[in-house]
Amino acid sequence: MKVTLIRHTSVNVAPGTCYGHTDVPLNDTFEEEARTVAQRLESSPFSDESFDAVYTSPLSRCRRLAKWCGYPQAEIEDSLKELNFGRWEMQRFEEISDPELQLWFDDWFSFPAGGGESMADQYERVKAFLNRCASEGKENILLFTHGGVILCALLLVERIALDHLFDSLPPYGDIIRINYPS
């Protein structure tokens, strides 16, 4: 199955802020960034292909980009949400006094962030979603989503290694294509 993943555009959140499930605002440069994403999508080698399905995270930063790129009817899919940082959401990392923060830094893949999700939880939810799409016979899907979801998809198809995960975070507005086994 061909999977095209698009990361949302930049957000209006102070650097160093922990956010994931929170529906944060986009930067004032949204239209300019979205125009660039749409143009890159239209000029991509797969622009003449039709998608079996188009999905978006329910968070507005993804839904707005899907609409801008010509997919206002994209199906909302909770599995495409960013990592849930629990009680740490919208706190600056340097201001989080939770003693579990160090436990998460030590084992960020398995330890639930702020009592929310672990990266392993997110990985399993992305895997279950892609497996469901493949089992439904989808051959070509488009996803408007988040950096963490894209990293999980890249891990699933072994395009990146776990120990280099955060070195591979795609920039805002990036478009990545993977082949997911059916």
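The values are calculated or read from the model by the stated rules, or taken from the named source; none is laboratory data. Just so you know, these numbers come straight off a predicted model, no measurement behind them. We place every Cβ from the backbone using ideal geometry, glycine too, and count neighbours over all the protein chains shown. Ligands, DNA and RNA are stripped out before the accessible areas are found, and what is left, the full protein with its side chains, is counted by its heavy atoms. Shrake-Rupley method; radii C 1.70, N 1.55, O 1.52, S 1.80 Å.
Structure notes:
- Considering SER50, SER57, the condition of being open to solvent by less than 70 Å² (accessible area, probe 1.4 Å) and hydroxyl-bearing (Ser, Thr, Tyr) is satisfied by SER57 alone.
- Per the listing SER168, SER182, the residue uniquely at pLDDT below 95, over 11 Å from the mean Cα position of the chain (by Cα), under 28 Å from CYS18 (Cβ atoms) and open to solvent by 10 Å² or more (accessible area, probe 1.4 Å) is SER168.
- Selection from region 72-112 of residues that are modelled with pLDDT under 95, loosely packed, with under 13 Cβ neighbours inside 10 Å and in contact with a helix residue (DSSP H, G or I) (Cβ under 7 Å, 6 or more places away or on another chain): none
- Qualifying position, being in contact (Cβ under 8 Å) with a residue 12 or more places away in the chain and crowded, with 18+ Cβ neighbours inside 10 Å, among GLY147, GLY115: GLY147
- Residue within region 88-102 that is over 27 Å from ALA128 (Cα atoms), free of Cβ contacts under 8 Å to residues at least 12 places away in the same chain and part of a loop (DSSP other than H, G, I, E, B) present: yes
- Residues that are more than 22 Å from LEU165 (Cα to Cα) and touching a residue at least 24 places away in the same chain (Cβ under 8 Å), drawn from region 118-136: CYS133, ALA134
- Checking each residue in region 114-166 for being part of a helix (DSSP H, G or I), of a type in the set (Phe, Trp, Tyr) and touching a Cys at 6+ places or on another chain (Cβ under 8 Å) picks out only TYR123.
- Scanning region 18-46 for residues that are without any contact (Cβ under 8 Å) to a residue 12 or more places away in the chain and open to solvent by less than 60 Å² (accessible area, probe 1.4 Å) gives no hits.
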